[in-house]
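Remarks on the structure that follows.
What follows draws every value from the coordinates through simple rules; no lab data is involved. Keep in mind that this is a model prediction, so the values were computed, not measured. No Cβ is skipped: glycine too gets one built from the backbone with ideal geometry, and neighbour counts run over all protein chains shown.
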Amino acid sequence: MTSRPLRSLFHLLPTRFQAVARTLRRRMPLTAMERWVRNEYTPFAFDERKWVFLSVARFLHINRPMVGYYLEFGSHEANTMRMAWDCFHHLFDFDYVAFDSFQGLPKIEVIDRQDIWQQGKLRTEADAFVRICLDHGMPHDRLMTVKGFYDQSLTGELKQRLLPKKAAVVYVDCDLYHSTIPVLEFVKNFLQKGTVIVFDDWNCFLADPGKGERRAWREFCERYPDLHFEDFVSTGMQKAFVYVGAWTEADSTAVD
């Protein structure tokens, strides 16, 4: 599947047919480009993410005790959920929550249009996601899924059900500006000192601060100037911040 029309058709197929197509494709001889992607490019992207997760684990372990949730928004193929489990569960007793439509990307609004985003793309069905996680060794009682597009699923009722436990790590893999807005509003009540927020697609849209996760984050910080965050680690695509607490006017005077 190399041409854009074929990729679009592929992502419209039911999951079981996608699996069959992938199996057949794996049995075909690889081109030089495909070998490079498999042996160099894809492992680099994996290592980049893993470096972020291990950096977070190191930070939280040094600043222990840190308890709470690992909240993940965007869980296609359970790649980051499995990586989070691998990097965290030996050190922390987190509960893991995956928020996803499990129907792929929503309708792409004008501000979020980019060739790589298409409605329905990045779809992993909920049952398949859970099965992948359990097969990886995650205990069922430590994993929770929340199904639905964020502007509908992130309700006040859900918030009250998950509280008062706070988040240790928030992983935002929403891709789109319109998807990130309700996520940030939702997680605001789960912040505790030391919560690490990671944006997976920080440098999409050519790193334009008026697009994508960057814009949603900037607007969130402007709406809540009392919430203070410090820069943490970054890669070519990901960017992380640490929540250090809510500042009062007295704090500002003391700093000055």
- request: Grab the Cα-Cα distance for ALA45 and ARG218, subtract it from 0.36 nm times how many residues apart they are, and report the gain in nm with one decimal.
  value: 59.7 nm
- request: Would you mind checking the tilt of helix 42-62 against the longest principal axis of the Cα atoms of the chain, expressed as 0 to 90 degrees and rounded to 10?
  value: 20
message: Tell me the relative contact order for segment 136-216 as a rounded percent, counting alpha carbon contacts under 8 Å between residues six or more apart.
response: 31
query: If you work out Rg and Dmax of the Cα atoms in Å from the coordinates, which of (1) 20.0, 64; (2) 43.4, 150; (3) 19.0, 67 do you get?
result: (3)
message: Binning at 10 angstrom from zero up to the longest distance, how are the C-alpha pair distances of segment 26-83 distributed in percent?
response: 18, 36, 28, 13, 6, 0
task: Tell me the label-point distance for the pair VAL37, TRP247, using the 7 Å Cα-to-Cβ offset, in nm and rounded to one decimal.
output: 4.5
- request: Output the relative contact order of segment 58-142, whole-number percent, from Cα pairs under 8 angstrom with separation of 6+ residues.
  value: 32
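With all pairs of different alpha carbon atoms counted, what Kirkwood hydrodynamic radius in Å does segment 111-207 show? Display every interim value, and only then the final one.
On the way: mean 1/r = 0.0649 Å⁻¹.
Across segment 111-207, the inverse of the average 1/r is 15.4 Å.
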statement: Ranked by GNM mean-square fluctuation in the chain (Cα springs under 10 Å), the top entry among THR23, THR195, THR80 is THR23
- prompt: Which of the peptides 87-94, 71-78, 236-243 is most tightly packed, and how do the rest follow, going by the mean number of other Cβ atoms within 10 Å of each residue?
  reply: 71-78, 236-243, 87-94
query: Given a cut-off of under 8 Å on Cα pairs at least six residues apart, what relative contact order in percent is computed for the chain?
result: 17
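Full extension from LEU30 to SER234: what is 0.36 nm times the residue separation minus their Cα-Cα distance, to one decimal in nm? Don't jump to the answer; show the numbers that get you there.
On the way: separation 204, 0.36 × 204 = 73.44 nm, distance 3.28 nm.
Once the chain is fully extended between LEU30 and SER234, it gains 70.2 nm.
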